[in-house]
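Asker: A single structure is presented below for examination.
The values are calculated or read from the model by the stated rules, or taken from the named source; none is laboratory data. Here the structure is a predicted model, which means the values were calculated and not measured. Cβ placement follows ideal geometry from the backbone for every residue including glycine, while neighbour counts extend to all protein chains displayed.
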Amino acid sequence: MSEPPGPGTDADRPTGLEKAPGTPEPALRGSGRFWSARRLPAGIVALAVLVVAGAFLYDIAAVRAHRPAMRWRRALARQLAERPLDDTWVLVGAGVAAALGLWLVVLAVTPGLRDLLPMRRPHPDVRAALRRDAAALVLRDRALEVPGVRAVRVRMGRGKADVRAVSHFRDLDDVHADLDTSLADAARALGLDRPPALSVRVARPGRKG
């Protein structure tokens, strides 16, 4: 029969998994916004660039081979040379090009996926997000648990939750106070990186809050 390990044996040495008493929990970091792949805009731009570049390269190669330039390029060069800068079509084309470029810049510098709300990260290798409709459903179900609440409508934004409740009994101030407390707890329990600010209104049936 083996004897129990004595003092100073491996059984008494820390494994690195235990936490010392009073050790604070690691701070939870935010997941950050999720970036959209934007495959459709990128595919459209790539296809347009490929078509235009291919047409110009083909025409340049034809000219280098001592063939006449294509009619559309001669017409385009003549129009660009003859039309003044304040011509209507020149201004329209410049406006369209500027709007397209601005749109591409906005797509490049914004993350997109506005429907996903980033959650706190319990571990550096874990990222998670909650859909807006799911967060709104959680807040709605929690609001319906408050006594006196008959119906609830929740609109969930990126940083704010707009709650409209209908109460058929109890004092409206009491219902409002209970909703504030219950929804504040529910918003914190969602685990979002930035808990949404709450805007709560309570009204009687048939009246606007």
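Asker: Let me confirm something: among Leu139, Leu130, which residue is within 30 Å of Asp185 (Cβ to Cβ), surrounded by 15 or more Cβ atoms within 10 Å (Cβ to Cβ) and under 19 Å from the mean Cα position of the chain (by Cα)?
Answerer: Working: Leu139 fails: under 19 Å from the mean Cα position of the chain (by Cα).
After applying the criteria, what remains is Leu130.
Asker: Checking the condition outside the structural domain of Val45 (by TED's automatic domain parsing) and touching a helix residue (DSSP H, G or I) at 6+ places or on another chain (Cβ under 8 Å), which residue from Val138, Val166 passes? Steps first, please.
Answerer: Numbers: Val166 fails: touching a helix residue (DSSP H, G or I) at 6+ places or on another chain (Cβ under 8 Å).
Result: Val138 is the single residue among Val138, Val166 that is outside the structural domain of Val45 (by TED's automatic domain parsing) and touching a helix residue (DSSP H, G or I) at 6+ places or on another chain (Cβ under 8 Å).
Asker: Need pairs with beta-carbon distance below 7 Å; first residue touching a residue at least 40 places away in the same chain (Cβ under 8 Å) and within the stretch 83-105, second of a type in the set (A, V, I, L, M); sequence gap 6+ or separate chains.
Answerer: From residues that are touching a residue at least 40 places away in the same chain (Cβ under 8 Å), the pairs are Leu104/Val45.
Asker: Can you pull out the residues in the stretch 181-200 that are more than 21 Å from the chain's Cα centre (by Cα), surrounded by 15 or more Cβ atoms within 10 Å (Cβ to Cβ) and free of Cβ contacts under 8 Å to residues at least 40 places away in the same chain?
Answerer: Val200
Asker: Residues of the stretch 154-169 being exposed (fewer than 14 other Cβ atoms within 10 Å of the Cβ) and either in a strand (DSSP E or B) or among the hydroxyl-bearing types (Ser, Thr, Tyr) (or both), which ones? First the steps, then the outcome.
Answerer: Pass one, the stretch 154-169, residues exposed (fewer than 14 other Cβ atoms within 10 Å of the Cβ): 155, 158-160, 168-169.
Arg155, Lys160, listed by residue number.
Asker: Considering each of Asp178, Asp173, Asp115, Asp162 in turn, give the residue that is without any contact (Cβ under 8 Å) to a residue 40 or more places away in the chain and out of contact with any Lys or Arg (no Cβ under 9 Å at 6 or more places or on another chain).
Answerer: Values: Asp178 fails: out of contact with any Lys or Arg (no Cβ under 9 Å at 6 or more places or on another chain); Asp115 fails: out of contact with any Lys or Arg (no Cβ under 9 Å at 6 or more places or on another chain); Asp162 fails: out of contact with any Lys or Arg (no Cβ under 9 Å at 6 or more places or on another chain).
Being without any contact (Cβ under 8 Å) to a residue 40 or more places away in the chain and out of contact with any Lys or Arg (no Cβ under 9 Å at 6 or more places or on another chain) holds for just one of Asp178, Asp173, Asp115, Asp162, which is Asp173.
Asker: Which of (1) basic (Lys, Arg); (2) touching a residue at least 24 places away in the same chain (Cβ under 8 Å); (3) part of a helix (DSSP H, G or I) does Arg140 not meet, given it meets every other one?
Answerer: (2)
Asker: Hey, does the stretch 86-93 have a residue that's at negative phi, at pLDDT below 95, more than 20 Å from the chain's Cα centre (by Cα) and among the charged types (D, E, K, R)?
Answerer: Within the stretch 86-93, the subset at negative phi is 86-93.
This time we only want the ones that are at pLDDT below 95, so: 86-93.
Applying the additional criterion that residues be more than 20 Å from the chain's Cα centre (by Cα) yields 86-93.
Subsequent filtering for residues that are among the charged types (D, E, K, R) retains 86-87.
Yes, the conditions are met somewhere in the stretch 86-93.
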